[in-house]
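The values are calculated or read from the model by the stated rules, or taken from the named source; none is laboratory data. Keep in mind that what you see is a predicted model, and the values were worked out from it rather than measured. Positions of Cβ are backbone-derived with ideal geometry, glycine not excepted, and every protein chain shown enters the neighbour counts.
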Protein chains: 2
Amino acid sequence: MSAEIWLTQLHENGYRLTDARRIVVETVEKSARALTPIEVYDIARKKYRALGLVTVYRTLEKLEELHLIQRVHQPLGCQAFISAGEGHQHLLLCQNCGQVAFFEGDDLDVLTKSIAKKTGYQISEHWLQLFGLCADCRPI
Amino acid sequence: MSAEIWLTQLHENGYRLTDARRIVVETVEKSARALTPIEVYDIARKKYRALGLVTVYRTLEKLEELHLIQRVHQPLGCQAFISAGEGHQHLLLCQNCGQVAFFEGDDLDVLTKSIAKKTGYQISEHWLQLFGLCADCRPI
DNA sequence: TTTGCTAATGAAAATCATTTTCAATAAGTA
DNA sequence: TACTTATTGAAAATGATTTTCATTAGCAAA
Ligand SMILES: [Mn+2]
Ligand SMILES: [Mn+2]
Ligand SMILES: [Zn+2]
Ligand SMILES: [Zn+2]
């Protein structure tokens, strides 16, 4: 998924392509870790001085609405965003540098069926997130 | 786990037992769903008019520090707290009424080992949360 | 191209959640 | 009972996010 595709998506959904949006999209899309609005602002402003923080918020909002990015929940805060995985994927986060990896193939069917039976709940969704240390941050 | 035990825990950790704390503890402990600080404040103030919102924040902070409550992350916000499960447990949330059920017995060893191998991450923690409809809210 | 409509922008103000400050109060120990 | 000091609530401060608004610029149509 490249920044170009995100911009196309925005355009196809009736949003105009502006310099501010291009920079925000590029910044978020190329990041290997989740970024908060302020972080996006600080990084993006190095390339586009006039950028306003409000525009960062507004652009993130639209990207989330189009499912191009997703909010990342972490122990220290839940305001950061990362590009959304394709299909059914979950996140694996490095507790040291924040680097994000996606994974898929989790099969929780047996578990959810058993829990549904025990609790009487009708289960329709799950959140799964792994934490650890990436190859770079792992002790030798 | 009863409110009495929470109060004892607070006391044993050097915190004084005050009316404000008693009401906050009772409110959070008896709730079947996660409550935000404002919700705790509104409910608790029905029994203790003079309660200040700041005290709610401060008490929740201490209860979390003693692992008696835990923060609950949800799509609409991450400021709510619920009494903490005992041992290794996860949450199952009703998307309609917010009722919380705990479950345990998830075994993610096979999955995490496989993901660790694939990604090179050293995995040490996981977040798992199920969503659905509780027995009361489920369609017939 | 140029034009015209209006979505998008950034600054400033407003709002909302949370934290800090502070003087008064009350818990708990001696 | 008296004393020490943690705790309280009000108010102010802070920080994040949203709203307002006048100006600018994207882009579709001429
Ligand atoms: Mn899954
Ligand atoms: Mn588990
Ligand atoms: Zn790392
Ligand atoms: Zn329910």
**Asked** Yes or no: B:His126 modelled with pLDDT under 95 and either part of a strand (DSSP E or B) or not basic (Lys, Arg) (or both)?
**Response** no
**Prompt:** How about segment B:60-112: which of its residues are over 14 Å from the mean Cα position of the chain (by Cα) and of a type in the set (D, E, K, R)?
**Reply:** B:Glu104, B:Asp106, B:Asp107, B:Asp109
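Can you name the residue in segment A:115-127 that is within 16 Å of ligand 1 (Cβ to nearest atom) and either more than 30 Å from B:Ile140 (Cβ to Cβ) or over 19 Å from the mean Cα position of the chain (by Cα) (or both) and, of all such residues, is surrounded by the most Cβ atoms within 10 Å (Cβ to Cβ)?
Filtering segment A:115-127 down to residues within 16 Å of ligand 1 (Cβ to nearest atom) leaves A:115-116, A:123-127.
Applying the additional criterion that residues be either more than 30 Å from B:Ile140 (Cβ to Cβ) or over 19 Å from the mean Cα position of the chain (by Cα) (or both) yields A:115-116, A:123-124.
Numbers: A:Ile115: 23, A:Ala116: 17, A:Ile123: 17, A:Ser124: 12.
Here the answer is A:Ile115.
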**Fill in**
Filtering segment A:71-127 for residues that are more than 7 Å from chain B (Cβ to nearest Cβ) and in contact with a Ser or Thr (Cβ under 6 Å, 6 or more places away or on another chain) leaves a count of 2
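With the condition kept exactly as written, say whether any residue in segment A:78-89 is in a strand (DSSP E or B), within 16 Å of DNA strand D (Cβ to nearest atom) and within 17 Å of B:Gln129 (Cα to Cα). Break it down stepwise before answering.
At the first step, the residues of segment A:78-89 found to be in a strand (DSSP E or B) are A:78-83.
Okay, now just the ones that are also within 16 Å of DNA strand D (Cβ to nearest atom), so A:78-82.
Going one step further and asking which of them are within 17 Å of B:Gln129 (Cα to Cα), we end up with A:78.
Yes; the residues of segment A:78-89 include at least one that is in a strand (DSSP E or B), within 16 Å of DNA strand D (Cβ to nearest atom) and within 17 Å of B:Gln129 (Cα to Cα).
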**Message:** Any residue in segment B:34-46 that is of a type in the set (Lys, Arg) sitting within a Cβ distance under 6 Å of a residue that is at pLDDT 95 or above and part of a loop (DSSP other than H, G, I, E, B)? List the pairs, counting only those 6 or more apart or interchain.
**Reply:** B:Arg45/B:Leu51
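Please pick out the residue among A:Leu91, A:Leu130 that is surrounded by 17 or more Cβ atoms within 10 Å (Cβ to Cβ), within 15 Å of ligand 2 (Cβ to nearest atom) and either of a type outside the set (Phe, Trp, Tyr) or in the same structural domain as A:Leu68 (by TED's automatic domain parsing) (or both). Don't jump to the end; show me each part of the working.
Working: A:Leu91 fails: within 15 Å of ligand 2 (Cβ to nearest atom).
After applying the criteria, what remains is A:Leu130.
Do you know which of the residues in segment B:128-140 that are free of Cβ contacts under 8 Å to residues at least 24 places away in the same chain and more than 7 Å from chain A (Cβ to nearest Cβ) is nearest to ligand 4 (Cβ to nearest atom)? Step through it out loud before you land on a result.
To start, the set of residues in segment B:128-140 that are free of Cβ contacts under 8 Å to residues at least 24 places away in the same chain comprises B:135, B:138-140.
This time we only want the ones that are more than 7 Å from chain A (Cβ to nearest Cβ), so: B:139-140.
Values: B:Pro139: 12, B:Ile140: 14 Å.
Residue satisfying both the conditions and the ranking: B:Pro139.
Applying the selection to segment A:1-19, what residues are closer than 17 Å to A:Leu66 by Cβ and part of a helix (DSSP H, G or I)?
First pass over segment A:1-19, keeping only residues closer than 17 Å to A:Leu66 by Cβ: A:1-18.
Matches in segment A:1-19: A:Ala3, A:Glu4, A:Ile5, A:Trp6, A:Leu7, A:Thr8, A:Gln9, A:Leu10, A:His11, A:Glu12.
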**Message:** Would you confirm, using the coordinates I've provided, whether A:Leu63 is more than 10 Å from DNA strand C (Cβ to nearest atom), surrounded by 19 or more Cβ atoms within 10 Å (Cβ to Cβ), farther than 24 Å from B:Ser124 by Cβ and more than 14 Å from chain B (Cβ to nearest Cβ)?
**Reply:** yes
